[in-house]
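Have a look at the structure below, then the notes.
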Amino acid sequence: MRVLVAGASGFVGSRLCRALEAAGHDVLAMTRHPAKYAGAGKAVRGDVADAHSLREALENAEAAYYLVHSLDSADFKRRDADAARAFARAAADARLRRIVYLGGLGDDGDALSEHLASRREVERLLAETGVPVTVLRAGIVVGHGGTSWELTRQLVEHLPAMVTPRWVGTRTQPIAVADVVRYLVAVLDHPAAEGRTFEIGGPEVLAYRDMLQRLAAIEGRPLVIVPVPLLSPRLSSYWLSLVTDIDVPTGRALIDSMANEVVVRDDSIREIAGFEPMDYDEAVLRALGERAKSRRTA
C-alpha cells in the first residue's frame, strides 16, 4: 500500500516509516523540509497549515498516518484542531481508504485535561469528512527522544531528591515505542480495524512514582521522592523547565494530563495484533541503549 506519514521526522513517525518500509509498503514521508529529510521513505512536502501542500502530498496515497501535535505552543488546542480539519478535507479529496491516528488514553467520563481533550477533538475532526479513521490511544510512550520519557529520565538523572505534586500517585500504563509502532503497522490494512478505536499499553499498570523509582534502580541512582500536594501545575511546569530541557508550555500540558489516570480498559487490539508487549524495565533498557548509541554516533 502507498502510505503517507504525517509527522515522519518525529519520535514515533521516524520509527514507523522504517517499519512500514520493512513490511513492504511504499512510504511517503511528509515533511515541511524535504531537502533536509534523511529518514526512510520518499520525502514529500506537506504542512498542516498549508491546505494546498496537503492536497499535493496526499495525491497518490491510499492511506495516511496522522502523528501531528503542537504541545510546545500555548494555543496548541486551536492549532491542532485547525490542522486536523485541513488534513481531513485533503484526505477526503484524495479519496483515502483510511487514516490512522495515535491519540491519548483517558476515560471519557473523567474531567480530561486540555491536552487529552484536544486529542479527542482531533479524533472527531479527522473523521468529519467521511474517511474511515482508526485510532490507537496510548499513555506514556517509553523510548529515546520521546517527550514524556525524557521528562522521566532527566528528573531521575538530575535530581537525587525531588519534591513532586500529587500526580506521582496517578496510575498509567507505559508502553515501549517499538510496541506502539508494531500496533500502528498491524492496523493499517486489517479489515477489522477500519473505523475503530483501540487502547494500547504495556503489561504493567504503574504510578508515576513507580516509574521514577524503577528507572532509578535500573541506573543505580539514589532517589528520594517527597510529594507536595499543594504544588500547582503552573509552578510544576516552571520547575520542570529548570531541571529538564522540556519547555514550559509542553511541561504544563503534560503535568495537567498527569491528573488523569491513563490505563487500558479494553484490550480488543489483541484481535488485530496478538503479540506480547515488553514490560517497563525492558522498555527502559532499550531506551537507555538507544540513547547511548546515539551519543556514540553523534
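Values quoted throughout were computed directly from the atomic coordinates according to the rules given, and no laboratory measurement underlies them. A quick note: this is a predicted structure, and the numbers were derived from the prediction, not measured. Note that each Cβ is placed from the backbone with ideal geometry, even for glycine, and that neighbours are counted across all protein chains shown.
Nearest 10 degrees, 0 to 90: what angle lies between the long axis of helix 177-187 and the longest principal axis of the chain (Cα atoms)? The angle comes out at about 30 degrees. Net charge dipole, the chain: roughly 640 debye, given to the nearest 20, about the Cα centre with Cβ charges of +1 for Lys and Arg and -1 for Asp and Glu. Computing FRET efficiency as 1/(1 + (r/R0)^6) for residue 276 and residue 171, where r is the C-beta to C-beta distance and R0 is 22 Å, gives about 0.60. From helices alone, the chain scores -13000 deg cm²/dmol at 222 nm; the rule is -39500 (n - 2.57) for each run of n ≥ 4 DSSP H residues, then divide by the residue total. By the Stokes-Einstein formula, at 1.002 mPa s and 20 °C, the stretch 1-44 with its Kirkwood radius over alpha-carbon pairs has D equal to 218 µm²/s.
Charges were assigned to the Cβ only: +1 to each Lys and Arg, -1 to each Asp and Glu. The resulting dipole of the stretch 168-227 about its Cα centre is roughly 260 debye. When the Cα positions of 101, 37, 88 are compared along the charge dipole of the stretch 1-112, 37 comes out farthest toward the positive end, with charges on each C-beta of Lys, Arg, Asp and Glu. Computed over the Cα atoms of the stretch 1-109, pair by distinct pair, the Kirkwood hydrodynamic radius stands at 14.1 angstrom.
Measuring max minus min along each principal axis, the C-alpha atoms of the chain give extents of 54, 39, 38 Å (largest first).
Rounded to whole Å, the principal axis extents of the Cα atoms in the stretch 126-217 read 50, 24, 21, largest first. Rounded to the nearest 20 debye, the dipole magnitude of the stretch 1-141 is 380 debye, with +1 charges on Lys and Arg beta carbons, -1 on Asp and Glu beta carbons, and the Cα centre as origin.
Each residue of the stretch 203-217 was assigned a 3J(HN,Hα) from its phi angle through the Karplus expression (A = 6.51, B = -1.76, C = 1.60, θ = phi - 60°), giving x, 10, 9, 10, 6, 4, 4, 4, 5, 4, 5, 5, 5, 4, 5 Hz with x at Gly and Pro. Would you mind telling me which residue in 37, 101, 208 has the biggest mean-square fluctuation in a Gaussian network model of the chain, where springs connect alpha carbons within a distance under 10 angstrom? In this elastic network of the chain, the residue with the biggest mean-square fluctuation among 37, 101, 208 is 37. Between 201, 274, 169, the Gaussian network model of the chain with springs among Cα atoms under 10 angstrom shows the greatest mean-square fluctuation at 274. For the stretch 66-178, the relative contact order works out to 26 percent when only alpha carbon pairs closer than 8 Å and six or more residues apart are counted.
Comparing 246, 225, 99 in a Gaussian network model of the chain (Cα springs below 10 Å), the most mobile by mean-square fluctuation is 225.
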